[in-house]
Amino acid sequence: MTMMRRNVLLVLGAALAFIAAAVTVFYFFQPWRSCSFDDTAAGCGMLVGDAAVMMVAMSVTLLGVILVLAGVLRWWRSGVR
């Protein structure tokens, strides 16, 4: 695996993991949601569409972490240069 491909794995994996983790946290707290029976957004139930977006974001976070680990493993096995 070339140096460029290892860097692409690391950068792409890190970017995917970071952005998807941010989306997951954003959907966990749901700052846009308001309920008539509670003052905070955390008291409201999550809608089906929101849960689907959060599940996709969590899956992409896992994929990003796997890509980062694959890039680091390739980099470590080839020797640090």
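Brief remarks follow.
- Evaluating 6.51 cos²θ - 1.76 cosθ + 1.60 at θ = phi - 60° for every residue in the stretch 70-78, the Karplus couplings come out as 5, x, 5, 5, 4, 5, 5, 5, 7 Hz, glycine and proline recorded as x.
- Cα shape, the stretch 3-78, gyration tensor, a/c 1.5 rule: prolate
- Estimated from the Cβ-Cβ distance and a Förster radius of 22 angstrom, the FRET efficiency linking LEU73 and ALA15 is about 0.75.
- Couplings 3J(HN,Hα) of the stretch 30-36, computed from phi: 6, x, 7, 7, 9, 10, 6 Hz, in residue order, whole Hz [Karplus 6.51 cos²θ - 1.76 cosθ + 1.60, θ = phi - 60°; x for Gly and Pro].
Laboratory data are not the source of any read-out in this text; all were calculated from the coordinates shown. If you're wondering where the values come from, they're calculated on a predicted model, not measured in any experiment. We place every Cβ from the backbone using ideal geometry, glycine too, and count neighbours over all the protein chains shown.
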